[in-house]
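See below for the structure under consideration.
The values are calculated or read from the model by the stated rules, or taken from the named source; none is laboratory data. Because the structure is a prediction, the values reported are computed rather than measured. Positions of Cβ are backbone-derived with ideal geometry, glycine not excepted, and every protein chain shown enters the neighbour counts. The area values use the complete protein model at the heavy-atom level, side chains included, leaving out ligands, DNA and RNA. Shrake-Rupley method; radii C 1.70, N 1.55, O 1.52, S 1.80 Å.
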Amino acid sequence: KSHVHELNVCDKDALDSIVLKVKPRKVIHLAAQAGVRLPISQLHKYTESNLTGFSNVLQSVINAGIPDFSYASSSSVYGNSTDLPYKESAKGLLPISFYGATKLSNEILAHSAVIGTNTRARGMRFFTVYGPWGRPDMAYFRLAASLLSDYQFHRFGDGLIKRDFTYVDDTIEGITRLSKQLSDMPSGNSDVVNLGGGNPYSLNDLISEFEKISGKQIHITSEQSALARAGAFLKSD
């Protein structure tokens, strides 16, 4: 029988209470402040959820002696690396977003915390998970909005960088299998696993597909054109 408890993972006392009450054998931690484009004024949301909240969950799991701890990491930890395909063994990772930096921090924290404990940890590096309940700020929702209204789609960069889009059902299947396999690992072990679709596509590919299906052209404004307009304004001033 399943139960739903609503709480803030930043509330460590409430979190500890539920973990000790339920006494789960596995914890799959997916809560986070997602997305890479929050403004500087809101970076505290990443810190609170992805660092403080993650640390609270990790401590609760270890203190309760829970054997299996799986958690969501992100392909954002790879930053602008062009060493494809991405490998879990890659060294010198340098995220280019605050979000990606917090996710890489999660991997480091988990690895250091479970050593010598009864808990084994596994970080799952998700690759652009999409589906019916996706976040409205994701590209495919914004592209659909631009086709259904006069909304202009803002493209960051030239759209050539490829992403490994992964459908949510496939991600869930991957989480389930990785969680089961984690039980075969020794206590105190920590690793990370890439969880993606294996077929990278660029944003421009996605735009072309939307236009092909709809038979309409998407109105695009780019980061470069926005900067150019700003430059022209400054010169005229």
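Descriptive notes on the structure:
- The chain: calculated mean residue ellipticity at 222 nm from DSSP helix runs of at least 4, using -39500 (n - 2.57): -12000 deg cm²/dmol
- Neighbour-limited loop hits for chymotrypsin sites (Phe, Trp or Tyr not before Pro), the stretch 82-186 (at most 10 other Cβ within 10 Å; DSSP other than H, G, I, E, B): W133
- Under 19 Å of direct C-alpha separation, and excluding same-chain neighbours fewer than eight residues apart, K87 reaches these lysines: K103, K162.
- The fraction of Cα-Cα pairs per 10 angstrom bin, counted from 0 for the stretch 123-178, comes to 20, 44, 27, 9, 1 percent, rounded to whole percents.
- Max-minus-min Cα coordinates of the stretch 89-199 on each principal axis give 57, 29, 21 Å, with the largest extent listed first.
- For the chain, convex hull of alpha carbons as volume per residue, Å³: 163 Å³
- The residues of the chain expose, per residue, 60 Å² of accessible area to a 1.4 Å probe.
- Debye-sum result for the stretch 32-75 in log10 I(q)/I(0), which assumes one identical scatterer on each alpha carbon, at q = 0.18 Å⁻¹: -0.60
- Neighbour count of at most 16 Cβ within 10 Å plus DSSP loop: longest GluC sites (Glu not before Pro)-free window in the chain: 89-237
- Rg ratio (alpha-carbon, reference 2.2 N^0.38 Å) - the stretch 1-99: 1.26
- Between the helical axis of 12-22 and the longest alpha-carbon principal axis of the chain there is an angle of about 60 degrees.
- Carbon and sulfur %, accessible surface of the stretch 2-76 computed with the full protein complex present, 1.4 Å: 53 percent
- Fraction of accessible area attributable to carbon and sulfur, the stretch 81-178 (%, probe 1.4 Å): 60 percent
- Across all directions, the average projected area of the convex hull around the alpha carbons of the stretch 51-106 is 4.5 nm².
- Prolate/oblate/rounded label for the stretch 11-58 (Cα gyration tensor, a/c 1.5): prolate
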